[in-house]
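Here is the structure we will look at.
Readers should treat all values here as calculations from the given coordinates under stated rules, not as data from a laboratory. These figures come from a predicted structure and were not determined experimentally. Backbone-built Cβ (ideal geometry, glycine too); neighbour counts: all protein chains shown.
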Amino acid sequence: MDVFVIEGGRKLAGTLRINGSKNAALPLLAASLLTDEPVTLRDVPDLSDIRNMERLLGELGVEIESHNEEENALSTTRLRVVDQSEFHARYDIVRTMRASICVLGPILAKRGQVRVSMPGGCAIGQRPVDLHLRGLEALGAIITLEGGDIVAKSPHSGRLIGDTVFLGGPFGSTVLGTANVMSAATLAQGTTIIECAACEPEIVDLANMLIAMGAQITGAGSPRIIIEGVETLGGVDHVVIPDRIEAGTFMCAAAITNSTLTLTNCPLDAMMSATDRLEAIGVHVDPTNQRSTLDPLRQTCTISTSGKLKPVQITTQPHPGFPTDLQAQFMALLCLADGNSVVTEKIFPERFLHVAELTRMGSSIHKHGTTAVISGVKQLTGAPVMASDLRASAGLVLAALASQGTTVINRVYHIDRGYERLEDRLASVGASIRRMNEKETTPIGFMTE
């Protein structure tokens, strides 16, 4: 098993490009199941979650070709359905990645039936799929649970039937549930109205691609999405939006090391809640006049600090509120703020497993239910730590970059799920970070389980 070995205390300097969004790319890949024509996706990140989704699509009859057409060009992933007979998303693949549930709506709408293994929970808490199923049932799907699998079939007419669907839950709307119902509704008969739809940029990106394929969708990005069903969808050539979580992580990397970094292909317009908290902490996010030719919303910005970090209050909320996927990274940053900060987690109440590991590095954090109080310290100290999930891993990397001494982070396979070659990219801007086998780290104090 690989680990990261990080020597802290290095300043960062240089430019990093923000990759395509993992959370956008996964439902976009699944949407290729809705058409018989070729789908081309550009700037799909090379991540373990993406590879698992492609493996699943391959089993479901999708032919996939991925490559870079020329040096420095965006990665290109071409998909085409060549076999519509398979409709079973097996447990062996689904268990590796919760976002596999994204194939549920597209297969049901296109092939009339689907069998998907029930996704399990994860380290940040249970995320039930009842809203996905309720939404598809509202469109006429007949759903049963058999042997740990979700089995869904279209009504006797063969097509789903448009209806009004409410997707509100105890912690707000569901992003993957909205993606599933919206995708399924594109081929349903009649009008579907999704109330309490997720407003995340990733939903807007999916809607934009579906519209380019011939779908009739209005309201994406708002709590009400209206879909007029069509009989067929065509092919598309689509560029994945930049990853706002990756961008926020690199912003925190610059801030926690008191460095200056330039970020290109940065989705600043989708990050207002995060940049607002950064400015309150004392981090400067300065956009330039450079905008991408692909999309004017893709900007270049410079991240810098004045040296002193101020405490703030943060509450995670559905978009456009502060994203839960940046909570761990900001907590690491606030460990070095001058005063007491308060972080409240309202999306995944159990998402505090990184607190214990940050405490091992010298932070002062007290958790009270869904709230953590962070008392800033002058210095963090390197230590052997254990990553518990994807974003917690990123938070530990940030803390290690600012720590005195050596930090060894175990279970970095979590990081590989959401950050492409993170160690190489941070090293390119001055970080001392190496990927090693855990057995090689025992002389510097790492203890295996």
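Taking each residue as 0.36 nm, the span from GLU279 to LEU145 lengthens on full extension beyond its C-alpha to C-alpha distance by 43.4 nm. Between the helical axis of 22-31 and the longest alpha-carbon principal axis of the chain there is an angle of about 10 degrees.
Between ASN340 and TYR413, residue separation times 0.36 nm minus the direct Cα-Cα distance comes to 23.0 nm. Applying the criteria of a DSSP loop state and at most 15 other Cβ atoms within 10 Å to the trypsin sites (Lys or Arg not before Pro) of segment 287-384 yields LYS308, LYS378. The fewest-to-most ranking of VAL312, VAL181 by surrounding Cβ atoms within 10 Å reads VAL312, VAL181. With contacts taken as Cα pairs under 8 Å and at least 6 residues apart, the chain reaches a relative contact order of 20 percent.
Centre-to-centre, using Cα atoms only, segment 227-281 and segment 329-404 are separated by 22 Å.
The translational diffusion coefficient of segment 22-239, from Stokes-Einstein at 4 °C and 1.567 mPa s with a Kirkwood hydrodynamic radius over alpha carbon pairs, comes to 76 µm²/s. If R0 is 30 Å, the Cβ-Cβ spacing of MET436 and THR96 corresponds to a FRET efficiency of close to 0.80. The residues neighbouring ILE281, those whose beta-carbon lies less than 12 Å from its own, together hold a net charge of 0 under the Lys/Arg +1, Asp/Glu -1 convention. Excluding same-chain neighbours fewer than eight residues apart, the lysines reachable from LYS378 by a Cα-Cα span under 26 Å are LYS11, LYS308, LYS310, LYS367.
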